[in-house]
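Following: one structure in structure tokens, then a few remarks.
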Amino acid sequence: MARSTAQLTGVERTFPDSEIIVSKTDLEGRIEYANDIFLDISDFTEKEVLGQSHNFIRHPEMPRCVFKLLWDTVQGGEEIFAYVVNRTKSGDHYWVNAHISPNLDSKGQIIGYHSNRRVPTKSAMDVIKPLYKSLITAETQSSDRKQGLAASFQMLLGILKDKGVRYDQFVLSL
């Protein structure tokens, strides 16, 4: 696996607003394509990322419940917008506003997934960072990973219900 063993640095990387990080995966989430922006910001080479599960760049401060929601949505044939924090090979991190959608064949069957990621706004990060910290806290309060995931997922659903929106609507409102 290409995942870095480097310690987290706490250093946040950014990329130009005019750039878009693009990747494509198979049905299992293994990377089939990564553009140069993806490779540049993540510190990985194309050889290191191709065939890897996309979650190899998952930052430990990214709530698993958001990924559950993301996967449930795209595997159900719908697109989703989500804020994601990723880890670089060297231990730095970067935030993205991701638009993930299923790729369909001529018969309408899902054959993979496509993700375009843009620079998030500061105002969105002012909302997302504390929310994700709360979700991570809920996930880690249980010694059982499944129970922690379930607790944070219910917390996220409760927040969305209180706001009267779906997650993608919430993301797009920021």
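The values are calculated or read from the model by the stated rules, or taken from the named source; none is laboratory data. None of the values given here were measured: they were computed from a predicted structure. Don't worry about glycine lacking a Cβ; one is built from the backbone with ideal geometry, like all the others, and counts go over all protein chains shown.
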Of the criteria (1) surrounded by 15 or more Cβ atoms within 10 Å (Cβ to Cβ); (2) at pLDDT 95 or above, which one Ser106 fails: (1)
Filter pass, Val66 being more than 21 Å from Pro120 (Cα to Cα) and touching a residue at least 40 places away in the same chain (Cβ under 8 Å): no
Unique match (being at pLDDT 95 or above, under 28 Å from Leu149 (Cα atoms) and out of contact with any His (no Cβ under 8 Å at 6 or more places or on another chain)) among Ser42, Ser23, Ser53: Ser42
Scan of the range 127-156 for residues that are among the β-branched types (Val, Ile, Thr) and surrounded by fewer than 16 Cβ atoms within 10 Å (Cβ to Cβ), ordered by number: Val127, Thr137, Thr140
Among residues of the range 69-111, those that are part of a loop (DSSP other than H, G, I, E, B) and in contact (Cβ under 8 Å) with a residue 12 or more places away in the chain, counted: 8
Filter pass, Leu149 being modelled with pLDDT of 95 or more, touching a Lys or Arg at 6+ places or on another chain (Cβ under 8 Å), part of a helix (DSSP H, G or I) and not polar (S, T, N, Q): yes
Qualifying residues in the range 69-80 (those that are in contact with a helix residue (DSSP H, G or I) (Cβ under 9 Å, 6 or more places away or on another chain) and surrounded by 19 or more Cβ atoms within 10 Å (Cβ to Cβ)) - the one nearest to Ala124 (Cα to Cα): Ile80
Lys122 being free of Cβ contacts under 8 Å to residues at least 12 places away in the same chain and under 15 Å from the mean Cα position of the chain (by Cα): no
Filtered residue count, the range 33-63, keeping only those that are over 17 Å from the mean Cα position of the chain (by Cα), outside any loop (DSSP other than H, G, I, E, B) and either closer than 14 Å to Ala98 by Cα or touching a residue at least 12 places away in the same chain (Cβ under 8 Å) (or both): 3
Test: residue in the range 153-165 that is of a type outside the set (Phe, Trp, Tyr) and not in a helix (DSSP H, G or I): yes
